[in-house]
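The values are calculated or read from the model by the stated rules, or taken from the named source; none is laboratory data. These numbers come from a predicted model, not from an experiment. Methodologically, a virtual Cβ is constructed for each residue, glycine included, from the backbone with ideal geometry; neighbour enumeration extends over all protein chains shown. To get the accessible areas, we keep the full protein, side chains included, count just its heavy atoms, and leave off ligands, DNA and RNA. Shrake-Rupley method; radii C 1.70, N 1.55, O 1.52, S 1.80 Å.
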Amino acid sequence: MSRIDKKFEELSLKNEKALIAYIMTGYPNEKATLASVKGLIKGGVDIIELGFPFSDPLADGPIIQNASTVSLAGGTKIDGFFKLVKKIRKETDIPLILMTYTNILYHKGYPKFISEAKKAGIDGFILPDMSIEESSNYVNAAKTKKEDVIFMISPNTSKKRIQKIAKASSGFLYLVAIYGTTGMKTEIKNYTVKAIRDVKKLVNGKIPVGVGFGISSPQDVKKYVKIGVDAVIVGSAFLRLIEKTPTNKLEQKISSFAKSLKRQTKVS
Amino acid sequence: MRYPKDGRFGEFGGKYIPETLVPAIEELEEYYLKFKNDKNFKKELDYYLREYAGRPTPLYFAKNLTQKIGGAKIYLKREDLLHGGAHKINNTLGQALLAKKMKKKRIIAETGAGQHGVATAMACAALGLKTEVYMGYKDTIRQKLNVFRMNLLGCKVYPVKSGSQTLKDAINEAIRDWITNVKTTYYLLGSAVGPHPYPVMVRDFQSIIGKEIKQQMKKIPDTVIACVGGGSNAIGTFYPLMDTDTEMIGVEAAGKGLKSGHHSATLSAGSKGVLHGMMTYLLQDKEGQIKETHSISAGLDYPGVGPEHSYLKDEKRVKYRSATDAEVIDAFLMLARTEGILPALESAHAIAEAIKVAKKMKKSESIVVTLSGRGDKDVEVVQDYLEKNVKNR
């Protein structure tokens, strides 16, 4: 059983949903990333998604675009990233997911990249531009290493496709809440509510369903938990906080924001 | 490679896209397959190509240039004479008509040099569609004439200030818009790049270039030459001639030289990777990050290339070479002075290669160069270059 599977099992026994936090590695620098990770863990986050910057993040809004640019300009590299993950892994057993774009993995070769990531302590991968049709080499490489492959679905994904994607996924299924890029603040749409209910019914408990994009407040988390998702993913809201907080206050600020979100994941 | 069902040209192509776009891409493919051989659709497109855009374009024997070089006969396929001044209208009319069939009301596009943006704005104005265009901020400055033209045609232009502020960033931003407005919006991609079915569809709409060359030449030319950025005029030139034994040469932008690192010669100097929905050759660093490119011509300033070109390179069916900024300026001036034609800087890359190869060929042999666009948009860039590089010209 993977760390991610174990985490979902543990939470379900406690009658809680997962809070997943996304941060960009090296934004604005490595020290800040380490402080942020500490804050996230202290704040009770269940799973951490570490973004690795790509020069052309076409599924991301301005906040993550900017974070990618800053991180790359600061010299973030794959080897350094793996070292950082090892450092984090020494301190904690929290599930760590790498979120980046296909070319970063493809360029090194899926088996080599995934094997090195596993060695460092990464548990799974999210690639927003990897479609199921093109994924067989990637999925096989991940399965060989018993790493989780988290695919995204969207409110306009057909039922047939959801089933196909769910079958190829492990860890959880990532439902993109809105039509749009990351970091768009918006109220909860009716079509999202419907999509969550449909997906939950379709996968029928076989895989947890997480929802992300545009989720930024405790109120949002509360509402999504009530609708019935298994995990809520918050990203750009953390980056906004990181942007305006000096590094020495980061751990504490991140931790208290995470706590305010995590409080809403208990099923009443 | 008539119609690659899985969208693959060998190992290249495919569709690497966010899931939100999958239904849109599927819908596009469904409509394209439905209409590409539809009699009425073809008739309508043919009407606009003839009566509106000015097809067929002449195949002009460049006698003076030929004499000056003293080798093979050089013919110019005059896509620069099309409405709007470039081959881009062949594709935008086709796609805009398709968008109408799909009942899409809003069209978005990216543009590099602005030629595709202008051609989109024209086709959409003629067909009653609303257009918005993304253009790298750097390109809005060096091709500002085209920004004015788009505005005058009733099209909104958004300068893109992320990344290298050129064509690749304009494509990123157009894709983000498409993800956000996927239900109402048609993305009118301007080159033979992107996820399947775009590379095939754009190739098919541009193939009119090669088809006409075939009809206009008494015998199949010994060599055809076209410039390659994304590669739409080149694939449109080559594809109908693929079954012949014509030598085909694609010319990329070598910028300040392939060794300088400041170029856009993806096929000459790139490696395989995934960008903008396709697997293809890319200019990238050893970490898989996309490199910033350089070319004097905004339309070739792109770190990727159409996946079919990547395939044709590996199959060795097409030779891919490059021309430096300096060679391009020389070619630009030579064509201007010998034939009275100002070529687009993009097309001047193909002229530069023709000058090189014609010399080595026999007088009885022939070369067709696709002159993909006219150079009015580039006069400021050329003037600026000449002022900074005062030589005995």
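Laid out as a table, the results:
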read-out: Flag if A:GLY74 is over 15 Å from the mean Cα position of the chain (by Cα), away from chain B (no Cβ under 12 Å) and crowded, with 24+ Cβ neighbours inside 10 Å; value: no
read-out: Residues being in contact with a strand residue (DSSP E or B) (Cβ under 7 Å, 6 or more places away or on another chain), in a helix (DSSP H, G or I) and crowded, with 20+ Cβ neighbours inside 10 Å - total across segment B:141-167; value: 3
read-out: Residues satisfying the stated conditions in segment A:212-268, i.e. surrounded by fewer than 17 Cβ atoms within 10 Å (Cβ to Cβ) and within 15 Å of A:MET184 (Cβ to Cβ); value: A:SER217, A:ARG240
read-out: All positions within segment B:214-228 that are open to solvent by 10 Å² or more (accessible area, probe 1.4 Å) and either under 15 Å from B:THR266 (Cβ atoms) or outside any loop (DSSP other than H, G, I, E, B) (or both); value: B:LYS214, B:GLN215, B:GLN216
read-out: Residues satisfying the stated conditions in segment B:4-43, i.e. open to solvent by 50 Å² or more (accessible area, probe 1.4 Å), in a loop (DSSP other than H, G, I, E, B), more than 10 Å from chain A (Cβ to nearest Cβ) and in contact (Cβ under 8 Å) with a residue 40 or more places away in the chain; value: B:GLU11, B:LYS36
read-out: Matching strands (runs of 3 or more DSSP E) fully within segment A:154-240 where at least 3 residues are more than 14 Å from chain B (Cβ to nearest Cβ) and within 24 Å of A:LEU58 (Cα to Cα); value: A:231-234
read-out: Selection from segment B:79-111 of residues that are open to solvent by less than 30 Å² (accessible area, probe 1.4 Å) and basic (Lys, Arg); value: B:LYS104
read-out: Flag for B:LEU167 being out of contact with any Pro (no Cβ under 8 Å at 6 or more places or on another chain) and farther than 28 Å from B:LYS34 by Cβ; value: yes
read-out: Any hit, segment B:45-58, residues being touching a strand residue (DSSP E or B) at 6+ places or on another chain (Cβ under 9 Å) and more than 14 Å from chain A (Cβ to nearest Cβ); value: yes
read-out: Lone unmet requirement of (1) touching a Lys or Arg at 6+ places or on another chain (Cβ under 8 Å); (2) without any contact (Cβ under 8 Å) to a residue 40 or more places away in the chain; (3) outside any helix (DSSP H, G or I); (4) within 11 Å of chain B (Cβ to nearest Cβ) for A:VAL149; value: (4)
read-out: Condition met for A:LYS87 (within 24 Å of A:LYS249 (Cα to Cα), open to solvent by 50 Å² or more (accessible area, probe 1.4 Å), touching an Asp or Glu at 6+ places or on another chain (Cβ under 7 Å) and of a type in the set (Lys, Arg)); value: no
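Residues are listed down the side, and each one gets a yes or a no for (1) within 14 Å of chain A (Cβ to nearest Cβ); (2) surrounded by fewer than 24 Cβ atoms within 10 Å (Cβ to Cβ):
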residue	(1), (2)
B:GLY250	no, no
B:GLY257	no, yes
B:ALA269	no, yes
B:HIS276	yes, no
B:GLU287	yes, yes
B:SER295	no, no
B:GLY299	no, no
